[in-house]
Amino acid sequence: MKPDEVRAHFRVREGYWFAPKLFGYGATPATWQGWLSLFGFVGAIALLAHTIRQPGLLIAAVAPLTIAYIWFVYTKTDGGFHWRWGPGKD
């Protein structure tokens with residue numbers, strides 16, 4: 001796959017922040033807003049891990065946050081979530 005083809009795959013329409021992965025299931029940030037939301041999510045998890053010392057409470061706090069973030073990424077992904085085998089092999 002040529003670099004221009006990779007760049008074209010990760011271009012998203014206006015209003016979307018994530019592009020589907022080339023291989024596998026999921027999405028990757030394609031705009032600065034997507035990267036900012038990812039760093040914010042990781043920062044929130046790190047803050048929770050630093051402040052909550054009981055494993056049960058930490059899981060109870062992280063699980064809903066993770067589910068909400070996955071839903072958010074799903075709604076902001078241009079092309080949706082499904083398994084991909086590579087470019088042009090959906």
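Give me the extension gain from Phe23 to Ile67: residue separation times 0.36 nm, minus the current Cα-Cα distance, reported in nm with one decimal.
The Phe23-Ile67 span can extend by a further 13.6 nm.
Please turn the phi angles of region 16-27 into ³J(HN,Hα) values with the Karplus equation 6.51 cos²θ - 1.76 cosθ + 1.60 (θ = phi - 60°), one per residue in order, whole Hz, x for glycine and proline.
9, 10, 10, 10, x, 5, 6, 10, x, 10, x, 9
Whole-Hz Karplus ³J(HN,Hα) for region 50-66, in order, using 6.51 cos²θ - 1.76 cosθ + 1.60 and θ = phi - 60°, x for Gly and Pro?
6, 8, 9, 9, 8, x, x, 5, 5, 5, 5, 7, 6, 4, x, 5, 5
Karplus couplings for region 73-82 from phi (6.51 cos²θ - 1.76 cosθ + 1.60, θ = phi - 60°), rounded to Hz, Gly and Pro as x?
Along region 73-82, the couplings run 4, 4, 6, 9, 9, 7, x, x, 9, 6 Hz.
Could you work out the local net charge near Glu14, counting Lys and Arg as +1, Asp and Glu as -1, over the other residues with Cβ closer than 14 Å to its Cβ?
So the environment of Glu14 carries a net charge of +2.
Return the long-range amide H neighbours of Arg84 (sequence gap of 5 or more, or a different chain), with a cut-off of under 5 Å between placed amide H atoms.
Gly24, Tyr25
What FRET efficiency comes out for Trp83 versus Val42 if R0 is 35 angstrom and r is the Cβ-Cβ distance? Round to the nearest 0.05.
0.90
List every residue whose amide H lies under 5 Å from the amide H of Lys21, counting only residues 5 or more places away in sequence or on a different chain, with H placed 1.01 Å from N in the peptide plane.
Gly26, Ala27, Thr28
Starting from the 7 Å offset along Cα-to-Cβ, what nm value, one decimal, do you get for the label separation of Arg13 and Leu57?
Reported label-point gap for Arg13 and Leu57 is 4.5 nm.
We did not get these values from a lab; they are worked out from the coordinates using the rules stated. Just so it is clear, the structure is predicted and the values come from calculations on it, not from any experiment. Note: ideal-geometry Cβ built from the backbone for every residue, glycine included; neighbour counts use all protein chains shown.
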